[in-house]
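Bear in mind these aren't lab numbers, they're just calculated from the coordinates by the rules spelled out. Source: prediction; values computed, not measured. We place every Cβ from the backbone using ideal geometry, glycine too, and count neighbours over all the protein chains shown.
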Amino acid sequence: MRPIQAPYPAARFRRLRRSDALRRLAQENVLSVNDLIWPMFVCDGSGVSDPVASMPGVSRRSIDGIVAQAEEAAALGIPAVCLFPYTDPDLRTETCEEAWNPENLANRAIRAIKAAVPDIAVMTDIALDPYNANGHDGLVRDGIILNDETIEALVRMALAQAEAGADILGPSDMMDGRIGAMRQSLEVAGYQDVTILSYAAKYASAFYGPFRDAVGAGSRLVGDKKTYQMNPANSDEALRLIERDLREGADMVMVKPGMPYLDICRRVKDAFGAPTYAYQVSGEYAMICGAAAQGWIDGDRAMMEAMMGFKRAGCDGVLTYFAPRIARMLNDTH
Ligand code: PBG
């Protein structure tokens with residue numbers, strides 16, 4: 001596109017910014033509740049609401065509370081929620097078998113939500129970190145994160161989640177070849193309509209810190225995730241990963257984190273035109289909340305401005321802990 005414009009003073013850009021009506025008329029991108037996926041943390045017990053210190057306004061909730069949040073999401077028009085379990089420390093092992101237990105916390109939460117709010121889409125996380133004694137997303141032997149053995153575990157996990165009624169599976173582990181293996185197993189098992197949203201371009205990021213506190217994986221993590229998550233310096237590699245995962249059968253793809261990687265979102269959308277999502281991760285959420293709490297920025301405005309950045313970068317939707325707050329703002333102003 002080559003924009004055509006007259007020279008000043010014939011062209012005055014301020015004409016279209018003069019009033020709210022003209023600004024709305026000339027607005028290029030729009031955020032809607034349909035763009036939101038609400039991630040939430042589920043823990044054992046009943047009536048539990050356990051605040052995550054590094055994520056103001058976010059609590060781990062027992063299944064009853066998670067169902068209530070799913071009902072709230074549906075009432076607000078949010079199309080999907082995404083579940084992350086805080087697993088009992090006793091169930092975290094080197095072999096991670098709790099990950100594919102049909103009765104594990106995540107799978108029980110999926111069933112409870114689908115029973116109470118059948119129309120909301122339930123997204124899951126597929127990675128071993130909430131079940132792993134060492135906090136890694138994959139099985140570890142002699143300090144090495146094993147790829148192919150991990151895939152077998154992840155496939156079991158995917159099938160258990162599909163069986164529980166998950167609508168969208170979210171492999172976030174960054175092992176090679178897992179999308180193809182999951183897709184094939186889902187087809188064979190009769191789950192051909194279960195969707196995969198691949199965390200295809202996921203970077204080894206400092207912005208996941210508060211999340212690791214929330215799922216209790218941070219203090220357990222031995223070393224770092226740099227042998228499987230991406231180097232923040234890379235961009236072409238993200239495109240190759242996205243193409244690979246689309247070819248293996250991903251329906252949707254994700255870039256993660258969000259705000260420091262908007263260039264990747266734009267490249268991905270332009271290159272493939274696939275449904276593209278960004279994850280505004282825990283550290284991004286914490287930064288906005290933290291600065292707002294100090295009175296250094298206007299939290300609501302910063303939140304909405306960050307969202308518009310994702311839309312401008314070509315994202316079809318955003319996973320964000322702000323989802324209910326954004327939805328309330330959007331619903332109030334129309
Ligand atoms: C784990 C997983 C992580 C997040 C989502 N799934 C953390 C990690 O990779 O260490 C991060 C989400 C966030 O920070 O909000 N597989």
Extreme residue, positive dipole direction of the range 30-332, given options GLY223, ILE144, ILE126 (C-beta unit charges): GLY223
Can you tell me the 0 to 90 degree angle between the C-alpha axis of helix 323-332 and the longest principal axis of the chain, rounded to 10? 40 degrees
Average Cα contact separation per residue, the range 30-332, under 8 Å, 6 or more apart, as relative contact order %: 19 percent
For THR227 and ARG266 in one chain, what is 0.36 nm times their gap in residues minus the Cα-Cα distance, to one decimal in nm? 11.5 nm
Name the most mobile residue of ALA201, ALA162, ALA21, meaning the one with the largest mean-square fluctuation, in a Gaussian network model of the chain with Cα contacts below 10 Å. ALA21
Taking the Cβ-Cβ separation of ARG312 and ALA116 as r and a Förster radius of 30 Å, what is the calculated FRET efficiency to the nearest 0.05? 0.25
Would you mind working out the magnitude of the charge dipole of the chain relative to its Cα centre, with +1 at each Lys and Arg C-beta and -1 at each Asp and Glu C-beta, to the nearest 20 Debye? 1940 debye
Based solely on its DSSP helices, what 222 nm [θ] is calculated for the chain when runs of n ≥ 4 H residues each add -39,500 (n - 2.57) and the sum is averaged over all residues, nearest 500 deg cm²/dmol? -11500 deg cm²/dmol
So which residue, out of SER46, SER19, SER235, gets the largest mean-square fluctuation from a GNM of the chain using Cα contacts under 10 Å as springs? SER19
Proximal lysine pairs, the range 30-332, alpha carbons under 17 Å, eight or more residues apart or interchain: 9
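Stretched out fully, how many nm does the piece from ALA11 to GLU152 gain, at 0.36 nm a residue minus the Cα gap?
Working it through step by step, the gained length comes to 44.6 nm.
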Using 0.36 nm times the number of residues separating ALA68 and ARG301, minus their current alpha carbon distance, what extension gain do you get? 81.2 nm
Could you give the angle, 0 to 90 degrees to the nearest 10, between helix 262-272's Cα long axis and the longest principal axis of the Cα atoms of the chain? 80 degrees
Helix 236-248 against the longest principal axis of the chain: what's the angle in degrees, Cα atoms only, rounded to the nearest 10? 60 degrees
What is the sum of charges around ASN147, taking Lys and Arg as +1, Asp and Glu as -1, for the other residues whose C-beta is under 12 Å from the C-beta of ASN147? -4
For the chain, built as a Gaussian network whose Cα springs stay under 10 Å, the top-fluctuating residue of GLN192, GLN229, GLN280: GLN192
Would you work out the charge dipole size for the range 267-334 about its Cα centre, treating the Cβ of every Lys and Arg as +1 and the Cβ of every Asp and Glu as -1, and quote it to the nearest 20 debye? 120 debye
Give the share of C-alpha pairs in each 10 angstrom bin for the range 30-332, from 0 to the last occupied bin, in whole percents, shortest bins first. 6, 29, 39, 22, 3, 0
For the THR195, GLU28 Cβ pair and Förster radius 41 Å, calculated FRET efficiency rounded to 0.05 is 0.90
